[in-house]
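Below: one structure, written as structure tokens.
The values are calculated or read from the model by the stated rules, or taken from the named source; none is laboratory data. Computed from a predicted structure; not experimentally measured. Neighbour counts run over all protein chains shown; Cβ positions are idealised from the backbone, glycine included. For the accessible areas, the whole protein counts, side chains as well, though only heavy atoms, and no ligand, DNA or RNA atoms are used. Shrake-Rupley method; radii C 1.70, N 1.55, O 1.52, S 1.80 Å.
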Amino acid sequence: MKGAIMDTILFSLFALAYFVLFILAIRLFQNQRIPSALFLLPVIAGLVYDNSILAAGRFIGEGPLLENLNYARFWLHTLFTPLLVLYAWVTLKQARVHWAQQSWCHLTAFLLTLALILLELFTEVFGLTLEPEREYGVLSYSSAEPQSGPPIMVLVVSAVLLAASVVIWRKQKWIWFFVGSLVMIIGSAVQLPVESGAVTNLFELFLLVSLLVTAVFQGTRVKK
């Protein structure tokens, strides 16, 4: 029984942790007007929702309500995760990287973000059919179709974050953006020998913490 509810507890804790990050990001943007914090807000809000629905699934039970709530998870992931491309670009601007200030870089970041959203919509969301799934005591709805290949949108976003983090590391001597991006990539690639579907979300939480801390760091540099 303990094993069956462990992931439910973990998803609840993740939802709470992301809620705290969301409040901190709001306060950071309100107090310091750091643009990168603004792009984190929808991403963190989506993760609050995602983990909350996963935690509540066993209590809601199978049916149209839980199915629709899970359907929204796919939409939020599709619409919000690509915004991390804009976050990466803005961190470069805040670091006063010369080429990041150019109009072509601005346009590229927005076009890439739009392209990733459209890619995910047409390959994953439109025509999506969900079916109930039970894993380690967590009840959710997932795609009835097996994944045809690697998650291209997530791979591209991860690559953009990693590349931007290397530039920030060299430009501002700030390593934690890089560490968070690298930990996320490694955590996604390595299969952990644990009976849990939630533990791997720790890597995602570590990434978001590193992104928010990077925004805080750059905000202090702007004040100087």
Protection-proxy order for peptides 36-45, 161-170, 100-109, each taking the mean of Cβ atoms within 10 Å per residue, highest first:
36-45, 161-170, 100-109
Quick one: length gained pulling Glu145 to Gln32 fully straight, 0.36 nm per residue minus the C-alpha distance?
36.2 nm
Keeping every protein chain in place, order Asp50, Asp7 by accessible area at 1.4 Å, biggest value first, i.e. largest first.
Asp50, Asp7
Compute the angle between helix 83-94 and the longest alpha-carbon principal axis of the chain, please, reported from 0 to 90 degrees and rounded to the nearest 10.
20
Rounded to the nearest percent, how much of the accessible area of the chain (1.4 Å probe, protein heavy atoms only) is carbon and sulfur?
67
Put a dot 7 Å past each Cα toward the Cβ at Thr108 and Lys93; how far apart are the dots in nm?
1.5
Return the whole-Å distance between the Cα centroid of the stretch 1-41 and the Cα centroid of the stretch 172-193.
18
Degrees separating the helix 2-32 axis from the principal Cα axis of the chain, which is the longest one
30
When ligands, DNA and RNA are left out and all protein chains stay put, how many square angstrom of accessible area per residue does the chain have with a 1.4 Å probe?
54
